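A quick write-up on the structure given underneath.
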Amino acid sequence: MPATITPIAPGKSWVLTSTESGVVPQAHRTAFTQNIAAAEARGVQRVGIAEVLGDLNVAARPLCHATNAAGAEGFCWNDAWGDDSKMEFVPQGLTGSGESRHNQQLVGDRRIVVSSWYSGDPHPTYDKEDLMRVTFADVTDPANVRYRHALLVTPTASGFTNLRGHANSVTWYRNHLYVSTAAGLAVFDLTRIWRTDASAGGVGSSGGTHAAAWHAYALPQVDRYQHLLEAPNDPGWDPDNPRYKPENSPTYSPTNCGSQFGDPPCFAGVSLDDSGAEPALVTTEVGEIPDHEPQTFGTKRSIVRWPLDRTTGLPAAKADHIVRPAGAYQSTVSGAQGVAMHRGRVVVSAACPEFVALETRIASCLYHAWPGEPVRLWTRTGIYAQNVSYWPATDELWTINEAPGDRTVFHTGWPKPEIPLRSLTGTWGDLTGDTVPDLLAVRPDASPSALAGNGNLTLYPGAVNGAGARTSIGTNWNSMRLVSGIGRLDSDTWPDVLAVDDTGVLWLYPGAKGGLGARTQISTGWGPVRAMTGAGDLTGDGQPDLMAVWNDGTAHLYPGKPGGLGTRTQIGTNWNTMRLFSGVGDLTADGRPDVLAVDGAGALWLYPGTQATLGVRTQISTGWGPVRAMTGAGDLTGDGQPDLMAVWNDGSGHLYPGKPGGLGTHSAVDLGWGTP
């Protein structure tokens, strides 16, 4: 069964609140701020992350275990402390300074990785999950990585105590660390770290000694965001006015997150996405594969975006002190342990297709997908991989795994799949009704790395200086060898599309609001046609025309007529030397649309339109070798000149504004196929 990641509406019970300042009755409110102040007044020394980074005490080892990922760079833990092979502590989460420029500002030029751990079984003193810690590792010099562990604690009225849990993930934004323990997010302040007595094995303050289970530093919890709210099965539940659920409620649960899809999600992996207008914590929920069962991609689990306040770095609550999701997705990538999002694309760390729970000790896998499109396997990673962390500025996707004796921390690049673009065309009009011209693209079939293919027809609504978020408006377009927008061939207001299938049949798809209508066959024998483009009205009869190049290099103009095309005329030869060509509109200000073409040497040529043909060409640019596809886009810049959209070989989109006689300086446009 192929895996899917699809957008969904968040459940109304999927809400978080702060136990310090949220919708929590006084009897259930935490007093972390008050207790921290009291502890520091009693002599607990406060320091910041700079002091901890200046006191790193363990030298990491170079990568010493297989990563299963090409080009991996990273380190192994120092096993003199048992960090690699023992179960006293087990690594889970991963984050770092590179996830956001705001994080980086806190540590200057240093590159810092942070991981989270829980006390395992056996631990010489504490039970499983009695302790949680984080590790600060300086990876600025890859050949000299050093790190230090710090315990996570909860401030109490008498001092502080150990914070229990699984430390499923750790995420960093601005000066805050978020550590997830299924139903909640414990919050820590990197400017408020406590110095403790590393020679003492207890946890807390006693007789002037402040101990953190043999750790020299402790991070006190400053806030907590959790699901402890009423749910749909509670009497009097009001989805628009969620209330705190007290412990004496008959349906109270200490976690209050559910094991079934649709319940408030239990957090497994959490990461930061700071690539859009609003930063967000991105969470995936626990979805373990049953014992002795294989990976089937059949278990539904959620991926949720929780908005963050860009100023405070805390979850962005509404006026009612409730944090609601900014977006949600249903994922069938079973056994997910980590998730990352960047510019709309999702990476999930999970069990590989060949995985069988409890029966195999094999590598985990990284999968990636655009929501609503096929999930693809990107690479295998370490055994029992956990969270992931993406650093956009340096294009580093970090991962961590928990297998004892095989633990690594390393990074590769963000997945860069083969460009999922089969064709790109302007519509020569507006399909969305906003008066801005739109684009169409055909997605290819599955590649060898895909779990499924689609061949969808995708609509990019035009936007000022670019394109909006894409939507799928058709399926099974993989059977269409050529696709071209042409303009209006019928009497309505919507532009139409012509397509040639694999058997050489020419089809007309009438435009409709937001998509296309039922197709009509208008011709056969188009097998010899190598490429085609809408050319605008070259004949001057008020109908849009089509230009096509045949396999023999001859160029032909097909005049438009109501409902189809008229008899062709040959308008050129040797067009097989042109790698790309596209109608673009009138760049020469003579009232006739023009054509742009790229030759095999990467030169860009302008062919001026004349009466039912093309005039003498002019070279207007060079260096177009990296351009993979291009199309006339209409006037996206609003200056009255037609523009050109191009996709480079790296998948990045670029808009070239039209100007009299040529094109202006291009600007990056995110079409979702690469890094602009």
Any residue at all in segment 593-611 that's surrounded by fewer than 21 Cβ atoms within 10 Å (Cβ to Cβ) and touching a Pro at 6+ places or on another chain (Cβ under 7 Å)? no
Go through segment 301-338 and count every residue that is of a type in the set (S, T, N, Q), assigned to a loop (DSSP other than H, G, I, E, B) and crowded, with 19+ Cβ neighbours inside 10 Å. 3
If I go through segment 120-149 residue by residue, how many of them are within 16 Å of Gly204 (Cβ to Cβ) and of a type outside the set (D, E, K, R)? 4
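Considering only segment 261-282, state which residues are touching a strand residue (DSSP E or B) at 6+ places or on another chain (Cβ under 7 Å), more than 21 Å from Asp395 (Cα to Cα) and not hydrophobic (A, V, I, L, M, F, W, C).
Pro265
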Only one residue in Gly313, Gly298 is over 30 Å from Glu359 (Cβ atoms) and in the same structural domain as Thr181 (by TED's automatic domain parsing). Which one? Gly313
Quick one: what pairs do we get from segment 588-601, first residue of a type in the set (Val, Ile, Thr), second surrounded by fewer than 23 Cβ atoms within 10 Å (Cβ to Cβ) and not in a strand (DSSP E or B), C-beta under 6 Å, 6+ apart or different chains? Thr588/Pro608; Val598/Trp624
Subset of segment 525-554, residues touching a residue at least 24 places away in the same chain (Cβ under 8 Å) and hydrophobic (A, V, I, L, M, F, W, C), comes to Trp526, Val529, Ala531, Met532, Ala535, Leu538, Leu546, Met547, Val549
Suppose the filter is farther than 20 Å from Met532 by Cα, surrounded by 24 or more Cβ atoms within 10 Å (Cβ to Cβ), under 27 Å from the mean Cα position of the chain (by Cα) and not aromatic (Phe, Trp, Tyr); does Gly653 pass it? yes
Looking at Val139, is it of a type in the set (A, V, I, L, M, F, W, C), surrounded by 19 or more Cβ atoms within 10 Å (Cβ to Cβ), touching a Ser or Thr at 6+ places or on another chain (Cβ under 7 Å) and in contact (Cβ under 8 Å) with a residue 24 or more places away in the chain? no
Would you mention how many residues in segment 329-372 are farther than 29 Å from Thr458 by Cα and among the charged types (D, E, K, R)? 3
Please find, among Gly563, Gly536, the residue that is modelled with pLDDT of 95 or more and of a type outside the set (Lys, Arg). Gly536
Matching residues, segment 593-617, being under 42 Å from the mean Cα position of the chain (by Cα) and assigned to a strand (DSSP E or B): Asp594, Val595, Leu596, Ala597, Val598, Asp599, Leu604, Trp605, Leu606, Tyr607
Could you check, for segment 120-133, whether at least one of its residues is in contact (Cβ under 8 Å) with a residue 60 or more places away in the chain and either in contact with a Lys or Arg (Cβ under 9 Å, 6 or more places away or on another chain) or in a strand (DSSP E or B) (or both)? yes
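The values are calculated or read from the model by the stated rules, or taken from the named source; none is laboratory data. Computed from a predicted structure; not experimentally measured. Heads up, the Cβs are rebuilt from the backbone with ideal geometry, glycines too, and the neighbour counts pull from every protein chain shown.
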